[in-house]
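Since the structure comes first, as structure tokens, the remarks are kept for the end.
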Amino acid sequence: MPKKIYNFKAQVWLYPGLGGWHFVNVPGKISKEVREKYGKGMIKIMAKTGKSKWQTALFPYKNPNGEFGYIVSVKSLIRKKEGIYKGDNVSIFFELVK
């Protein structure tokens with residue numbers, strides 16, 4: 001059975017505080033499906049944007065409205081390769097890894 005590949009577009013945002021971690025929010029519909037199929041908590045994924053791939057995770061996240069979702073970190077190396085900055089809209093593809 002082929003692996004399911006999820007895809008979405010989202011705006012890159014910077015986590016407040018030290019470190020400069022950049023994230024994108026996974027849309028609610030995808031977050032809900034992943035949570036129902038694979039449980040809550042951190043879930044390992046292989047992500048892709050542009051021509052770059054990286055291993056990361058879906059991190060559980062509550063938005064300011066208190067709704068559950070996931071976020072994906074966009075590594076510094078990937079942002080540099082793809083010319084991605086805070087506020088940019090990016091297309092993200094991911095599949096779960098075991």
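The values are calculated or read from the model by the stated rules, or taken from the named source; none is laboratory data. Bear in mind that the values here come from a model prediction, so they are computed numbers and not experimental data. The accessibility values were calculated without ligands, DNA or RNA, using every heavy atom of the protein model including side chains. Shrake-Rupley method; radii C 1.70, N 1.55, O 1.52, S 1.80 Å.
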I'd like the carbon and sulfur percentage of the solvent accessible area for the chain, probe radius 1.4 Å, heavy atoms only, ligands and nucleic acids excluded. 55
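Give me Rg/Rg_expected for the chain, where Rg uses Cα atoms only and Rg_expected = 2.2 N^0.38 Å with N residues. Intermediate values should be presented prior to the final figure.
Values: Rg = 12.9 Å, N = 98, 2.2 N^0.38 = 12.6 Å.
Scaled against compact globular proteins, the figure is 1.03.
Counting only heavy atoms of the protein chains, get the accessible area per residue of the stretch 29-98 (1.4 Å probe) and round it to a whole Å² value.
On the way: 4550 Å² over 70 residues.
It amounts to 65 Å² per residue over the stretch 29-98.
Using the structure shown, list the pairs from LYS9/LYS86; LYS9/LYS51; LYS3/LYS32; LYS32/LYS80; LYS9/LYS37; LYS40/LYS81 with a Cα-Cα distance above 26 Å, or answer none. Could the numbers behind the result be given before it?
Numbers: LYS9/LYS86 14 Å; LYS9/LYS51 15 Å; LYS3/LYS32 18 Å; LYS32/LYS80 31 Å; LYS9/LYS37 22 Å; LYS40/LYS81 31 Å.
The answer is LYS32/LYS80; LYS40/LYS81.
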At 222 nm, what helix-only mean residue ellipticity would the chain give, in deg cm²/dmol to the nearest 500, using -39500 (n - 2.57) for each DSSP H run of four or more? -5000 deg cm²/dmol
